[in-house]
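Contents: one structure, followed by commentary.
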Amino acid sequence: MNIKRIHHVAYRCKDAKETVEFYQDVLGMEFQMAFAEDRVPSTKEPDPYMHVFLDAGMGNVLAFFELPTKEPMGRDENTPEWVQHIAFEVEDMDALLAAKARVEAAGIEVLGPTDHGVFQSIYFFDPNGHRLELVANTRTDEQLAELHRVAPAMLEEWSRTKRAPKHAAWLHEGEFAGVE
């Protein structure tokens, strides 16, 4: 199998029109298309829905379903709200700071920028309660190579101990000194 890319990622929304307008106005995404049917094509279940698709850049598509006959949407209460999120990359730190100002100007509370060592992020919520992250990369090729190198050992140690391995502690504890 040769996966080419993610075709689209779909989430539920409370109101398709409000969601499209938010992603157009706040994040500048283009509304690409919509599907609406009274039956689910895969299961043939009678369940009317609106399915909207937005251009998230570089061939990436973000989609939403509005399901008016279902119970109101919620979130997994056993998962912290910071865990499940959609992250979008912006060009650089200037673009990240401009995006923060744009989101705040729309009356939305923004957390950050937060320094993750190899990128910086801001966080906020869409009208459906989905957490969004905008990311500006600040990494070097050497940092990425080191993270790639230590990833298998980190995963193995985590699997055994369920404690945070220290192989990449430099991300939040100071300067990258290169490969040890």
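The values are calculated or read from the model by the stated rules, or taken from the named source; none is laboratory data. This is a predicted model, so every value here is computed, not measured. Note that each Cβ is placed from the backbone with ideal geometry, even for glycine, and that neighbours are counted across all protein chains shown.
For the range 32-51, state whether one or more residues are surrounded by 14 or more Cβ atoms within 10 Å (Cβ to Cβ), part of a loop (DSSP other than H, G, I, E, B) and in contact (Cβ under 8 Å) with a residue 40 or more places away in the chain. Checked the range 32-51: no residue is surrounded by 14 or more Cβ atoms within 10 Å (Cβ to Cβ), part of a loop (DSSP other than H, G, I, E, B) and in contact (Cβ under 8 Å) with a residue 40 or more places away in the chain.
Just one of the numbered conditions (1) in the same structural domain as ASP38 (by TED's automatic domain parsing); (2) exposed (fewer than 11 other Cβ atoms within 10 Å of the Cβ) is not true of GLY74: (1).
Checking the conditions here, which among GLY117, GLY107 is touching a helix residue (DSSP H, G or I) at 6+ places or on another chain (Cβ under 7 Å) and either surrounded by fewer than 18 Cβ atoms within 10 Å (Cβ to Cβ) or on the phi > 0 side of the Ramachandran plot (or both)? Don't jump to the end; show me each part of the working.
Values: GLY107 fails: touching a helix residue (DSSP H, G or I) at 6+ places or on another chain (Cβ under 7 Å).
Residue meeting the stated conditions: GLY117.
Remark: ALA99 falls outside the filter, which requires a residue to be part of a helix (DSSP H, G or I), hydrophobic (A, V, I, L, M, F, W, C) and surrounded by fewer than 16 Cβ atoms within 10 Å (Cβ to Cβ). PHE65 meets the conditions (1) in a strand (DSSP E or B); (2) over 17 Å from CYS13 (Cα atoms); (3) over 16 Å from the mean Cα position of the chain (by Cα) in every case but one. The failed one is (2). Within the range 52-62, restricting attention to residues that are without any contact (Cβ under 8 Å) to a residue 40 or more places away in the chain and in a loop (DSSP other than H, G, I, E, B), the residue that is surrounded by the most Cβ atoms within 10 Å (Cβ to Cβ) is ALA56. If you check THR69, THR19 for being within 26 Å of GLY107 (Cβ to Cβ), among the polar types (S, T, N, Q) and touching a strand residue (DSSP E or B) at 6+ places or on another chain (Cβ under 9 Å), only one passes: THR19. Among the residues here, ARG75 does not qualify as assigned to a strand (DSSP E or B), in contact (Cβ under 8 Å) with a residue 24 or more places away in the chain and of a type in the set (D, E, K, R). Hey, can you tell me all the residues within the range 78-110 that are without any contact (Cβ under 8 Å) to a residue 24 or more places away in the chain and farther than 29 Å from VAL40 by Cβ? Answer for the range 78-110, where residues must be without any contact (Cβ under 8 Å) to a residue 24 or more places away in the chain and farther than 29 Å from VAL40 by Cβ: PRO80, ASP94, LEU97, ALA98, ALA101, GLU104, ALA105, GLY107, GLU109, VAL110.
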